[in-house]
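*Asks:* The structure's right below; bear with me while I get my questions together.
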Amino acid sequence: GGLCNLCLDKTNKDYILEANGVEPIINCLSSSNEETVMSAVTTLMYLTTPQSRQQTTALPVVECMLRFSLSASRRLSNLATIFLEDYCTPLQVEEARNLSKHTAVGIPLPKD
């Protein structure tokens, strides 16, 4: 959660992106703690720039957001839907839906 707040500052955002900080945040999407997942999704949103968009909306991330959008947790479902609608192109979402190999299938949905 702290990183989520820190990345709102442009200097911090630039530092996180330059230090390859997107990958560890993506790894947090597989956490069993819903708050950690929510913070990771929000952080990815805040870190998305024209330069970082390829990383923050990579196909495995989009697949994961599709799964989260089906979550029984309204908070997670709504946040994932916002991510898909506001940060991903319709083509990215369609490509993730049509993949025969779902790389995010093994990622469990977070627990309360």
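The values are calculated or read from the model by the stated rules, or taken from the named source; none is laboratory data. Model, not experiment: these values are computed from the prediction. Note that we place each Cβ from the backbone using ideal geometry, even for glycine, and neighbour counts take in every protein chain shown. For the accessible areas, the whole protein counts, side chains as well, though only heavy atoms, and no ligand, DNA or RNA atoms are used. Shrake-Rupley method; radii C 1.70, N 1.55, O 1.52, S 1.80 Å.
*Asks:* Name the residue, out of Ala96, Ala40, Ala19, whose mean-square fluctuation peaks in a Gaussian network model built on the chain with Cα pairs under 10 Å.
*Replies:* With Cα springs under 10 Å in the chain, the top fluctuation among Ala96, Ala40, Ala19 is at Ala19.
*Asks:* Size of the dipole of the stretch 1-94 about the Cα centre, Lys and Arg at +1 and Asp and Glu at -1 on the beta carbon, nothing else charged, in debye to 20? If you can, show how the numbers build up before the last one.
*Replies:* Working: 6 positive and 10 negative charges, 27 e Å.
Around 140 debye, computed over the stretch 1-94.
*Asks:* Dipole of the chain (Lys/Arg Cβ +1, Asp/Glu Cβ -1, origin at the Cα centre): which of Val22, Gly2, Ala80 lies farthest to the positive side?
*Replies:* Ala80
*Asks:* Ignoring ligands, DNA and RNA, what accessible area per residue does the chain give at 1.4 Å, in Å²? Walk me through the numbers on the way to the answer.
*Replies:* Details: 6550 Å² over 112 residues.
Counting only protein heavy atoms, the per-residue value for the chain is 58 Å².
*Asks:* Here's something else I'd like to know. Determine one quarter of the surface area of the Cα convex hull of the stretch 15-104, which equals its mean projected area, and express it in nm² to one decimal. If you can, show how the numbers build up before the last one.
*Replies:* Details: hull surface 22.2 nm².
Computed as one quarter of the Cα hull surface, the answer is 5.6 nm².
*Asks:* Quick check: at a probe of 1.4 Å, how many percent of the accessible area of the stretch 15-104 sits on carbon and sulfur atoms? Don't skip to the answer; put the middle values down first.
*Replies:* Details: 2590 of 4900 Å².
Carbon and sulfur: 53 percent of the exposed surface of the stretch 15-104.
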